[in-house]
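First up is the structure itself, then whatever we jot down about it.
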Amino acid sequence: MSIFFKKHHRQALLQQPFPDEWEAIIQADVPYDRLLDDAERAHLRDLLRVIIDEKHWEGCGGLEIDDRVRVVIAAQAAVLLLGWEMDIFRNVRTFLIYPAAYHQNQEQVGHDGMVNSGTVNLGEAWYNGPVVFSWKDALESAHQPGRANNVVFHEMAHTIDMLSGQTNGTPPLREREHYKLWNDVMSRHFADIRRVYESGHRDVIRDYGVVNVAEFFAVCTETFFDAPVPFRQHRPELYAQFQQFYGQDPAARFEASGRLHGRV
């Protein structure tokens, strides 16, 4: 699709009324929407429509794709883009959705291949390839914000990381001068959190985040959007880097709603 055609196609798409059936799904299944202000809600719905329209959705393992599957997943994916003018997950062409966690005999690969979530997968993201989700876990992520464990946030963060051409925990930043501080803060906190777990303690960033730097970015993204108040409280320097990158302050949203510990 040419840039010219895509622009005009999107304009025509967004001039149409937002479907009532989709609005009902958001109200029933995506409580995160209640944290957003009116402008953010409108923007989320625009992003959601483009994601649903421009990506190929395919059910696997017997799952039939319907509006609920598309809306619940696309709404969560759209949250990551509310403060960021990047093209809408331009490196993602296809979503593959399984009914629940699925088994694949594939190993994690480094900077230029697949990033997955373990032997029994809840989701995975491929470089310039499909993004795969367990529908059961994507729905649970939508229904239970505040756990710092959201499979849609996690896998879509990997696709953002991959925009740099690698999965190395450093996505394309807004300004060239941001890279030095980003790399310094990320490397120090990665090492510190790894030491925390090696000493038998816990951290606001869960232990899967220190498997490697790609997972660190993805898990920090989950925590930033899903449990932002404790993230900001315990690791304010790290939180500030994600706030600058995503152009959002989720902790302020949660505080404004009185949801200090993340539940919506």
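Worth pointing out:
- Tallying residues that are touching a residue at least 40 places away in the same chain (Cβ under 8 Å), closer than 24 Å to E155 by Cα, of a type in the set (A, V, I, L, M, F, W, C) and part of a helix (DSSP H, G or I) within segment 172-219 yields 9.
- For segment 62-167, the strands (runs of 3 or more DSSP E) that sit wholly inside it and include 3 or more residues that are modelled with pLDDT under 95 and under 14 Å from the mean Cα position of the chain (by Cα) are 123-125.
- I52 being at pLDDT 90 or above, farther than 23 Å from G209 by Cβ and either within 15 Å of the chain's Cα centre (by Cα) or not in a loop (DSSP other than H, G, I, E, B) (or both): yes
The values are calculated or read from the model by the stated rules, or taken from the named source; none is laboratory data. These numbers were taken from a predicted model, which means no experiment stands behind them. Cβ sites come from the backbone with ideal geometry, for glycine too, and all protein chains shown count toward neighbours.
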